[in-house]
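Written out below as structure tokens is the structure these notes cover.
We did not get these values from a lab; they are worked out from the coordinates using the rules stated. Fair warning: this is a prediction, and the values are worked out from it, not measured in the lab. Note that we place each Cβ from the backbone using ideal geometry, even for glycine, and neighbour counts take in every protein chain shown.
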Amino acid sequence: MTRALPPLNALRAFEAAARHLSFKLAADELNVTPAAVSHHVKALEEALGVDLFHRMTRALRLTDAGRAALPALTEGFNKLAEGVDQMRTFRESGLLTVSVSPSFGSMWLVPKLDRFRSRHPDIEIRIDGTDRLVDVAGGEVDVAIRYGPGGYKGLQVDYLFSQLNTPVCSPALMEGDNPLSRPEDLRHHTLLHIDWSDAQASWRMWLLAAGLHDIDATRGFHFTQESMAIEAALDGQGVALVGDRLVAGHLAAGRLVSPFKPDLNTPLNFCYYLLSGRDRLVRPKVAAFRDWLMEEAREQRPDAGADAG
């Protein structure tokens, strides 16, 4: 049987007064009057049948009973505060914040959000379009989608998919004075570069893999965002080297074409991952988004349904 405890207010008043050895300072901390603290402590002593303080003219001194009880009570109230903080972190709002790079967000995620909304109309989505580091574990955002090598410590990491590096261009470049039909024809066209952190994604590496050593791999336009390079390709300004998943919609619609044989496409070292705080996976809105995104990602994989790490 659980032992009956004295009133919590009385225990709190004693603990604060014992730490400060002052009814006044305890009262300031608890936002009550010194008389109220004194009353609570006196009631606690009467209920327990033991003195907790030696009351002197201008000071308080703990009795042996008070001194013995203080550490456990202080630890207990600290644990209570931690428990309340934990409960507050589970306070649900309908707003789910997703951190994602601007290009991936606009080109892959946003076009699919209607499907999430139809399944979960009560969950509002806020897209934080950024590549900067965010504190997912600390709750700065609910989830983050990142392109990288994996190995994100202290988080739930879910593999979404990998990509193939593929040249793409407007169908207009397949015609004209210098039509694109073979990799050698790239010498007549502008190269559209993306400043990837993955060196394997560069035009230099692709041209070397294709056996082309006499084409300047640095010429052309350079972009910090994939979406800018893809827009330039859509406008017919050149040939972009991009991950195939980002342009799948444009390729399917015929707005872009992949001018060379598929066997020239090269796998990229980095992959897309969903990052979540492990303690937040029990939240309905996070679990719902994770389940939906994993389903969408599986449909994008060449080996649909297979898992990777």
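Give the peptides 183-191, 45-53, 96-104 in descending order of average Cβ contacts within 10 Å, highest first.
Order by mean packing, descending: 96-104, 183-191, 45-53.
Under the Karplus relation 6.51 cos²θ - 1.76 cosθ + 1.60, θ = phi - 60°, what is the ordered set of whole-Hz ³J(HN,Hα) values for region 203-209, x standing for Gly and Pro?
4, 4, 5, 5, 5, 5, 5
Computed from the mean reciprocal separation of all distinct C-alpha pairs, what Kirkwood hydrodynamic radius does region 8-89 have, in Å? Numbers along the way, then the final one.
Details: mean 1/r = 0.0766 Å⁻¹.
That comes to 13.1 Å for region 8-89.
Restricting attention to the alpha-carbon atoms of region 94-309, what are Rg (one decimal) and Dmax (integer), both in Å?
Both quantities, over Cα of region 94-309: 18.5, 60 Å.
Sort the following peptides by mean Cβ neighbour count (other Cβ atoms within 10 Å, averaged over residues), highest first: 112-122, 158-168.
Taking the mean over residues of other Cβ atoms within 10 Å, the ranking is 158-168, 112-122.
Can you list the residues, at least 5 places off or on another chain, whose amide H is less than 5 Å from the amide H of R283, using H built in the peptide plane?
Long-range HN contacts for R283: none found.
Step through the residues of region 110-124 one at a time and calculate ³J(HN,Hα) from phi using the Karplus curve (6.51 cos²θ - 1.76 cosθ + 1.60, θ = phi - 60°), rounding each to whole Hz and writing x for Gly and Pro.
Rounded to whole hertz, the list is 4, x, 9, 5, 4, 5, 5, 4, 5, 8, 9, x, 8, 9, 8.
Is it possible to state the helix-based mean residue ellipticity at 222 nm for the chain, with each DSSP H run of 4+ residues giving -39500 (n - 2.57), the sum divided by total residues, to the nearest 500 deg cm²/dmol? What is it?
Dividing the helical sum by the residues of the chain leaves -11000 deg cm²/dmol.
Only Lys, Arg, Asp and Glu count, each charged at its Cβ (+1, +1, -1, -1), so figure out the dipole size of region 8-89 about its Cα centre, rounded to 20 debye.
That gives a dipole near 240 debye.
With a cut-off of at most 12 other beta carbons within 10 Å, and DSSP calling the residue loop, which trypsin sites (Lys or Arg not before Pro) in region 24-62 qualify? Please list them.
Working: sites: K24, K42, R55, R58, R61; in loops: R58.
Qualifying residues, ordered by number: R58.
Under the Karplus relation 6.51 cos²θ - 1.76 cosθ + 1.60, θ = phi - 60°, what is the ordered set of whole-Hz ³J(HN,Hα) values for region 16-29, x standing for Gly and Pro?
With the stated coefficients, region 16-29 comes to 5, 5, 5, 5, 8, 6, 6, 5, 5, 5, 5, 5, 4, 5 Hz.
For region 62-168, which GluC sites (Glu not before Pro) are both in a DSSP coil and crowded by at most 14 other Cβ atoms within 10 Å?
Here the sparse-neighbourhood loop sites are E92, E140.
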